[in-house]
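Structure record follows, encoded as structure tokens.
The values are calculated or read from the model by the stated rules, or taken from the named source; none is laboratory data. Since we're looking at a predicted model, the values are computed, not measured. A quick note on method: Cβ atoms are made from the backbone with ideal geometry, for glycine too, and the neighbour counts reach across all protein chains shown. We work out accessible area using only protein heavy atoms, side chains counted, and drop any ligands, DNA or RNA first. Shrake-Rupley method; radii C 1.70, N 1.55, O 1.52, S 1.80 Å.
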Amino acid sequence: MPVLTTDAESETGIPKSLSNEPPSETMEEIEHTCPQPRLTLTAPAPFADETSCQCQAPHEKLTIAQARLGTPVDRPVRVYADGIFDLFHSGHARALMQAKTLFPNSYLLVGVCSDDLTHKFKGFTVMNEAERYEALRHCRYVDEVIRDAPWTLTPEFLEKHKIDFVAHDDIPYSSAGSDDVYKHIKEAGMFVPTQRTEGISTSDIITRIVRDYDVYARRNLQRGYTAKELNVSFINEKKYRFQNQVDKMKEKVKNVEEKSKEFVNRVEEKSHDLIQKWEEKSREFIGNFLELFGPDGAWKQMFQERSSRMLQALSPKQSPVSSPTRSRSPSRSPSPTFSWLPNKTSPPSSPKAASASISSMSEGDEDEK
């Protein structure tokens with residue numbers, strides 16, 4: 001495919017082959033041997049110094065419209081994104097995902113600034129440069145990692161890595177005495193904007209840590225870190241350890257309360273079961289009692305039968321109402337009537353009197369004989 005040489009530079013400092021000006025050199029056929037986007041995700045992305053682009057063919061100037069149409073067809077579009085990438089988070093990953101998917105066939109190079117440059121122009125980092133390099137290598141959207149990337153992109157750097165476009169958010173980035181370090185890239189038509197993810201950034205994460213410093217310090221002391229490693233004073237160390245002991249006691253009390261609640265719930269369940277069983281048994285007992293001792297119960301019938309038998313056994317048999325008349329001999333005359341006999345109409349006052357009268361009557365009969 002015809003390409004252009006890059007031995008001259010434009011007024012903006014960008015190689016003429018990457019600017020909008022028409023080429024001034026002759027065209028020659030050189031085959032592209034640029035690295036292709038990695039297809040496997042079972043290994044980390046390589047570093048640029050390990051797999052640098054050895055393609056001898058100069059890259060022709062591409063417009064964003066051409067790149068989005070899939071031009072050129074014989075090589076990927078080389079997109080560059082740089083940053084500090086401290087405490088690598090989802091906002092970083094989303095920005096790299098946008099840079100990777102800008103064009104149908106993209107090769108994403110990610111530049112990571114060293115600790116010296118970062119501390120000089122931005123400030124202290126939580127992760128050192130080696131940790132930040134490794135974090136980028138294990139992002140699925142990254143094809144190549146450039147270590148010790150420059151703070152401001154130079155034409156030599158763009159030419160060395162055969163960069164077609166630079167991806168970054170469109171907010172002017174003022175640093176190193178410049179109002180926008182990407183201004184010359186934008187003027188050359190090589191800048192492609194990405195969108196920031198709201199609600200998350202490295203500064204936000206650090207702010208959370210600083211705000212809850214005591215909580216994290218106490219947690220790490222509890223995990224075995226020393227006060228010297230945490231840069232904690234002797235007094236604060238004792239305070240944090242005391243607070244940890246208080247938290248442990250609170251946790252124990254909470255566990256005891258939960259266990260007691262479980263015990264009370266179990267007792268309540270068992271009491272409900274016992275009450276239900278007692279009600280069932282009481283109903284059964286009352287039913288049996290009524291069946292036995294109720295108005296029409298079996299005990300009443302049995303009692304009536306037994307009481308009638310007892311009355312029959314206790315009461316004597318009645319004597320006959322009229323005894324047969326004893327035949328008297330004709331020689332005997334009727335007994336004379338005595339005036340001392342008691343009046344028949346007045347019954348004896350007592351059984352003793354009745355017996356006395358009967359005995360006297362028998363004696364009178366004997367005298368007559």
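Some values worked out for this structure:
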read-out: Some residue of segment 119-133 being open to solvent by less than 30 Å² (accessible area, probe 1.4 Å), in contact (Cβ under 8 Å) with a residue 12 or more places away in the chain and under 23 Å from THR51 (Cα atoms); value: yes
read-out: Conditions (1) touching a Cys at 6+ places or on another chain (Cβ under 9 Å); (2) outside any loop (DSSP other than H, G, I, E, B); (3) free of Cβ contacts under 8 Å to residues at least 40 places away in the same chain; number of the one not met by TRP151; value: (2)
read-out: Segment 216-234, subset of a type in the set (Ser, Thr, Tyr) and farther than 18 Å from VAL246 by Cβ, residue surrounded by the most Cβ atoms within 10 Å (Cβ to Cβ); value: TYR225
read-out: Residue match in segment 183-198 (condition: open to solvent by 70 Å² or more (accessible area, probe 1.4 Å) and not charged (D, E, K, R)); value: yes
